[in-house]
Amino acid sequence: MNGGSPQPAVVARDLTRTFGPFVAVDRVSFEVRPGEIFGFLGSNGAGKTTTIRMLCGLLAPSSGSASVLGFDVATQAAEIKRRIGYMSQRFSLYNDLTVEENLRFWGGAYGLFGAEMAGRAEWAVVTADLEHSRHALVRSLPGGYRQRLALVAALLHEPPIVFLDEPTGGVDPEARRRFWDLIDELAAAGKTVFVTTHYMDEAERCHRVALMHAGRLLALDSVPDLKSVFPQGTVVEVTCGRPAQAMARLEELPGVVEVALFGERLHVVLGDPAVGASLARSLDAVGCENATVRAISPSLEDVFIHVIARAEGEAA
Amino acid sequence: MGNGDRGSRAGRAVRTLVNILVKELLQLRRDPKILPILFIAPVIQLTLLGYAATTDIKRVELAVCDLDRTAASRRLADRFTSSAYFRVTANVDSQEQFDPLLQSGRARVALTIPAGFEAERSAGRPGRVQLVADGADAMSGTIGLAYAATVLQDASVAAGTVPLVSLRPTVLYNPDLVSRNYMVPGILGLIIMIMTMMLTAMAVVRESELGTMEQLLVTPLTPGQLIVGKLIPYALVGLVEVFTVLPVVLFWFRVPLRGSLLTLLLLTLPYMLCTLGLGLFISTLAQTQQQAMMLSAFVFILPQMLLSGFAFPIQNMPAFFQALTYLVPLRYYLVILRGVFLKGVGLAVLWPQALALVVMGVAILGLARLRFRRRLG
């Protein structure tokens, strides 16, 4: 906008929102760069939706400040609304209208009419792969198509930034993958994508990921940099017959930082890679024989668990 | 800023509004339940209420006990028998026999002509009769006594007695005092309220329930545009309602429309301003469509029925409740309806009611809009 170094698309400074005594978002600060896919990762109730609603001007911050495209969320919500796309957690198109009717209505809400509208509607049905369902009631579309329709409907007015709140909830993995291909295309076209998710695989596709837990932002970095909190070889996977028992034993061992259960397997974070060799023997001693131990590259979930454990350790 | 700029701004506002209206009307058209709700339910309501809500008492059941058994007493009894007001259900020989008749409701009024009735008359003194009425059915009882007084007065006149005054009452606008003529237009007011208020409340709540309201709020559409976009379609629904129900009122119940239809429609608009505003207000109180329906029915419709003068005359209410009636939109609309239908009057007479409705409508809408905003904030 003003040339020179690109202005951040979103800036949050100590952004806070309380509901009575409950602190939903607690002094969160971050910047989103233009053109990046910015992921907000956290479990339900972590404060992701509250943050996104504040950024979209739907909810006033209790304290702190935030700006979107240079406009203040507290005082310039109208300017922001005109320039952003937003897809809420719940599917929010009209089920009893057709694809085309929905597009025309939502486009009209952003001031698109006539030839301009027709052009954007055409773009939308092509992009969402709905050329053959223009006149179908939205109710009759499969979930994945509806989600894509909701996304393109939020993009009709060509906003430079789009906020997606858990956009893939309740759709099958194939539809999720196709949805994310669409997000990649948007980013490639220069749009900023702010997306919340609780799926780790989706977070892996983000350029940078913010980890939210209990209203606080615990870490923010690119996925490889987040994973580098663990030095090479310090995350191992342990497979054995009695994982619960093994977990209790492992937690007592010196040199073991954290143990987390992943289904039948244990992910163990070590203070020193050298400790890994002795794990199997220690487990034999408590009756968990034939344990296998192998070094793995940490997943985002390992990072997430580690970061939460560290934050809760600090709080205690 | 040039004229062209302003023009295009107005053009944009109109297109924005049309866009919302088109969407609302499309949704109404797609709703499979809407046709029966709009066209069948009101006609049934009107028909049922039109027949049930009548306070006319015709042919009060009468028991006669003639103890005099003379020509004069028989003449008097015949006057009751032949009157259109009474149906003689029993002729008994003693007053003791009245009790079972009155208890069972076979008689509402009992007439006794005592022995010596003719003798008194011959002696130049007024004859004395006794009337007993059933107070448990107060309405029939009182009306029965009033009818009897009329019959007795006529009898006196026929007998050549000159009464102190001769009453010749004339009833204007509804000469036969047919209660249907003033009840049925009232039902029209009730139906308009139910339809516009309930449907508006439910339509707004539905958007919140489905999550589309949140999506609407991130668009540049203002709360004012959203509200107007919701109210206009349901105002149209209200007018459609008038045209659906009016033929039944005019041609089935034969209520005369002495004023102009245009006046009626024109004065219906400020009333709908109130009912639509109340609908919007209810939508800010309710979380679900069901709650919206319950709130409409019990908190808003029932008190309006009771306090508008629809069911009970306002003049008979205690002062506190009389004061409350001034807050009830239907009160004013009832005056308008009865005025236009029966008296054939127009704005020249009904402007205070219209003004009251406009003021109330604006106040209700303002309040609803304030709540609408706050709830979203």
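The values are calculated or read from the model by the stated rules, or taken from the named source; none is laboratory data. What you are looking at is a predicted structure, and each value in this text was computed from that prediction instead of being measured. Don't worry about glycine lacking a Cβ; one is built from the backbone with ideal geometry, like all the others, and counts go over all protein chains shown. To get the accessible areas, we keep the full protein, side chains included, count just its heavy atoms, and leave off ligands, DNA and RNA. Shrake-Rupley method; radii C 1.70, N 1.55, O 1.52, S 1.80 Å.
Taking each residue of A:75-86 in turn, how many C-beta atoms of other protein chains fall within 10 Å of its C-beta, and what is the average?
Neighbouring Cβ atoms belonging to other protein chains average 2 per residue here.
Hey, any idea what % of the protein assembly as shown's accessible area is carbon plus sulfur with a 1.4 Å probe? Mind showing how you got there, number by number?
Details: 19300 of 32830 Å².
Here it works out to 59 percent.
Annotation: A:H198 carries an accessible surface of approximately 80 Å², with a 1.4 Å probe and no ligand, DNA or RNA atoms counted. Mean per-residue shielding of peptide A:94-104 is 3, counting Cβ atoms of other chains within 10 Å of each Cβ. Mind grabbing the interface size between A and B? I mean buried accessible area, both sides, 1.4 Å probe, in Å² to the nearest hundred. Answer for the A-B pair: about 2400 Å² buried. Averaging the sequence gap over all C-alpha pairs within less than 8 Å and six or more residues apart, then dividing by the number of residues, gives chain B a relative contact order of 18 percent.
Across the stretch A:150-161, coupling constants 3J(HN,Hα) worked out from phi with the 6.51/-1.76/1.60 Karplus curve, θ = phi - 60°, read 4, 5, 5, 5, 7, 10, 4, 8, 6, x, x, 9 Hz, and Gly and Pro carry x.
The accessible-area ordering, largest first, of the residues B:S82, B:S94, B:S308 stands as B:S82, B:S94, B:S308, per a 1.4 angstrom probe. Rounded to a whole number of µm²/s, how large is the Stokes-Einstein D of the stretch B:60-158 at 4 °C and 1.567 mPa s, given Rh as the Kirkwood radius over C-alpha pairs? Stokes-Einstein gives a translational diffusion coefficient of 96 µm²/s.
Computed about the Cα centre, the dipole magnitude for the stretch B:15-86 is approximately 380 debye when only Lys and Arg (+1) and Asp and Glu (-1) carry charge, each at its Cβ.
What is the stretch A:1-158's relative contact order, in percent, from Cα pairs under 8 angstrom and six or more apart in sequence? Write down the numbers at each step before the final one.
On the way: 216 pairs, mean separation 29.9, N = 158.
Across the stretch A:1-158, relative contact order equals 19 percent.
With a 1.4 Å probe rolled over the protein heavy atoms of all chains, the accessible area of A:E166, A:E101, B:E96, A:E251 falls in the order B:E96, A:E251, A:E101, A:E166, largest first. List for the stretch A:56-74: residues with 20 Å² or greater reduction in accessible area, all protein chains versus chain alone, probe 1.4 Å? In the stretch A:56-74, residues shielded by partner chains: A:L58. The angle between the Cα long axis of helix A:114-127 and the main principal axis of chain A comes to about 30°, on a 0 to 90 degree scale.
Of the whole protein surface, A:L97 contributes about 0 Å² of accessible area at a 1.4 Å probe radius.
Using a 1.4 angstrom probe on the protein heavy atoms only, could you order A:F230, B:F39 from most to least accessible area?
Working: A:F230 15, B:F39 85 Å².
The ranking, largest first, comes out as B:F39, A:F230.
Dimensions of the stretch A:235-297 from C-alpha coordinates, computed as largest minus smallest value along each principal axis and given longest first, are 24, 23, 17 Å. Exceedance of the 30 Å cut-off in Cα-Cα distance is limited, within the set B:K23/B:K343; A:K191/B:K230; A:K81/A:K227; A:K48/A:K191; B:K230/B:K343, to B:K23/B:K343; A:K191/B:K230; A:K81/A:K227; B:K230/B:K343. Value of Rg to Rh for chain B, rounded to two decimals, is 1.16; Kirkwood radius and Rg both from alpha-carbon coordinates.
Under 20 °C and 1.002 mPa s, how fast does the protein assembly as shown diffuse according to Stokes-Einstein, given a Kirkwood radius computed over C-alpha pairs? Answer in µm²/s, whole number. Before the final figure, lay out each step's value.
Numbers: Rh = 32.1 Å.
Estimated via Stokes-Einstein, D reaches 67 µm²/s.
Going from the chain on its own to the full set of protein chains, the stretch B:211-247 has these residues losing 30 Å² or more of accessible surface (heavy atoms, 1.4 Å probe, no ligands, DNA or RNA): B:G211, B:T212, B:E214, B:Q215, B:L216, B:L217, B:V218, B:T219, B:P220, B:L221.
Defining a contact as two alpha carbons under 8 Å apart and six or more residues distant in sequence, what relative contact order in percent does chain A show? Don't jump to the answer; show the numbers that get you there.
Working: 579 pairs, mean separation 58.0, N = 316.
With pairs under 8 Å counted, the relative contact order is 18 percent.
Annotation: amide H-H contacts under 5 Å for A:H213 (H modelled 1.01 Å from N, sequence separation of 5 or more, or interchain): A:L218.
Just checking the output field for A:106-117: average partner chain Cβ neighbours within 10 Å of each residue's Cβ? If you can, show how the numbers build up before the last one.
Values: counts 6, 1, 10, 12, 4, 7, 2, 6, 1, 0, 0, 1.
Mean shielding count: 4.
Rolling a 1.4 Å probe over the protein chains gives A:L59 an accessible area of about 20 Å².
For the stretch A:10-222, with every protein chain kept in place, what is the accessible area per residue (1.4 Å probe, Å²)?
Values: 8010 Å² over 213 residues.
For the stretch A:10-222, the per-residue accessible area is 38 Å².
The charge dipole of the protein assembly as shown, taken about its Cα centre with unit charges on the Cβ of Lys, Arg, Asp and Glu (plus for the first two, minus for the last two), comes to roughly 2900 debye.
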